[in-house]
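These notes concern the structure reproduced below.
The values are calculated or read from the model by the stated rules, or taken from the named source; none is laboratory data. Note that the structure is predicted; figures quoted are calculated from it, not measured. As a convention, Cβ positions derive from the backbone with ideal geometry for all residues, glycine included, and neighbour counts pool all protein chains shown. Side chains are part of the model used for accessible areas, which takes the heavy atoms of the whole protein and leaves out ligands, DNA and RNA. Shrake-Rupley method; radii C 1.70, N 1.55, O 1.52, S 1.80 Å.
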Amino acid sequence: MSHQLKTDYSQIFLLPPSIEDWVEKDHPARFIREFVELLDIKELGFKVEDNEEGRPYYSSDVLLKVWLYGYFNRIRSPRQLEKMTKENHPMIWLVTMHRPDHNTLWRFWRDNNKAIKKLFKETVNTAINLKLVSFVLGAVDGSKIRALSSNKWLMNEKDIEKLLKKVDESISDLEKDIERSQREDLDCDTRLPKELEDREKLREKIKRAQKEIRGNERKKININEQEARVMLTDRKKDTGYNAQAVVDSKHRIIIAEDVLNEENDFHLLVPMINKVKEITGTVPDKIVADTGYGIGEQLSEAENSGYDVLTNLKGIENNKPYDSSKFEYNAQKDVMICPEGKELIYESSSLYKETKAHMRKYKCTHYKECSVRWLCSKSKTGRRVKLTPYVDVIKRQRQKHEIEDNRELLQKRKTIVEPVFGWIKQLDNFRRFTLNGLQNAKLQWSIVCATVNLRTIYKFWATGSLTKAKECL
């Protein structure tokens, strides 16, 4: 006979239930515990010694487990983590019923940021030891992520001058009030009032922003987060950072990561490959990247470093018959040959701002009688084409694109690295840094990428398709 199951709050257990039974054998909490306990906490830089005096304190491995399990479950707030230690059964099991508060958790994060950043490398090394990384093909990509500071504080030079003037006036008024009160009351507190102290700090911050915007010719600056830059994030311009990742093709393990405040990817290809070498001691046989990385300077540097790279190139697959990529350079005559076979003669030279490399400009002198002049250029004075010093390396890159296997590898790029950014932004809902400043953004991105790797490793750990990590490390 069937019967209803109802709550019985008066029920008494003869033997108390074990918290060990609350968590399944293949639960992520067990995986996080095993991963942390296999780490050399002291070697990474976490505190492990006991104090001879003072109150008991939480060990580094306990607090690290809380943070890693929180990020694994898309919880990144110290207050929410504190709540998990009281209400989430797997977390209660993981920390053996300890309850560190949010202040304790935050201080651990703040005081151990260098050690926490090393965790990413530990996840990469674990994946390598478990044969989850092949180093056959790697893909580089980046995504713009919003900074913590609001666009409310994003100002141009004129706005900054107005704000500085307003703050100076308010400080002057406050100082007069303080001076008046001191004359009237000789026993008054002579310490600097907090309101005045805060405004002095704000003035210094505004002055630094003013100096930065003038010195670097920036159009706008966020006075609360001056290291951030105006970038296109989620299809709109916002204060943000450029988050980078290199992903191995075998199981989409992230093998290098970084956060920069460069507004584009032009100069990041070789630095990101170097980062892979720094972390793993080697680099993939081939590295693929999108158009943003395919500039001559980086391709040349990659060749010189012995890196085999494939990048999409601007104009290589377009249907424009008179794109600049269709013009050929004749070194003997020092002219550019257009698709119609006409010669463009040398006009002038200039220097790249960043690389100081020479760039030559060639001008068409046949445009008046050319039948396709308006298809080639809308300029009334004829077509001009720039010749960079990297013309040969770009030509070699184009020749690589003529090989079908290489074209297929470039197509694979989307399926290797773009899903990883999709997981981070869509599934993890990580679209904004929750810490202020470039160094804090680097730290947070590092732990986000480490978590992505841990989830991938966990899938194999949970199915039993891996030998125990202890035997592989």
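Accessible surface for the chain, divided over its residues, is 59 Å² per residue with a 1.4 Å probe. Would you mind pulling out the separation of the Cα centroids of segment 122-136 and segment 317-394, in Å? Using only Cα atoms to place each centre, the spacing works out to 46 Å.
Which order do peptides 341-347, 266-272 fall in by mean Cβ count within 10 Å, highest first?
Working: 341-347: 14.9, 266-272: 20.0.
The packing order, highest mean first, is 266-272, 341-347.
In segment 17-154, the C-alpha radius of gyration followed by the widest Cα-Cα span (Dmax) gives 17.5, 56 angstrom. When the charge dipole of segment 378-473 is built from unit charges on Cβ atoms (+1 for Lys and Arg, -1 for Asp and Glu) and taken about the Cα centre, the candidate among Thr381, Leu409, Val393 whose Cα reaches farthest toward its positive end is Thr381. Within straight-line reach of Lys207, meaning a Cα separation under 24 Å, sit the following lysines at least 8 residues removed in sequence or on another chain: Lys152, Lys158, Lys162, Lys165, Lys166, Lys176, Lys194, Lys219, Lys220. When the scattering of the chain is computed by the Debye formula from its Cα atoms alone, each counted once and equally, what is log10 I(q)/I(0) at q = 0.10, 0.13 Å⁻¹? Values, matching the q order: -0.95, -1.26.
Explain nothing, just the number: dipole magnitude of segment 271-378 about its Cα centre with +1 on each Lys and Arg Cβ and -1 on each Asp and Glu Cβ, in debye rounded to the nearest 20.
Details: 16 positive and 16 negative charges, 106 e Å.
Here segment 271-378 has a charge dipole of around 520 debye.
Can you give me the orientation-averaged projected area of the convex hull built on the Cα atoms of segment 207-361, in nm²? With every direction weighted equally, the projected area is 13.4 nm². Here Asp405 sits with roughly 100 square angstrom of accessible surface, probe radius 1.4 Å.
Converting the Cα gyration tensor eigenvalues of segment 84-157 into ellipsoid dimensions via √(5λ) gives semi-axes, longest first, of 30, 29, 13 Å. Across the accessible surface of the chain, with the other protein chains kept in place and a 1.4 Å probe, carbon and sulfur atoms take up 48 percent.
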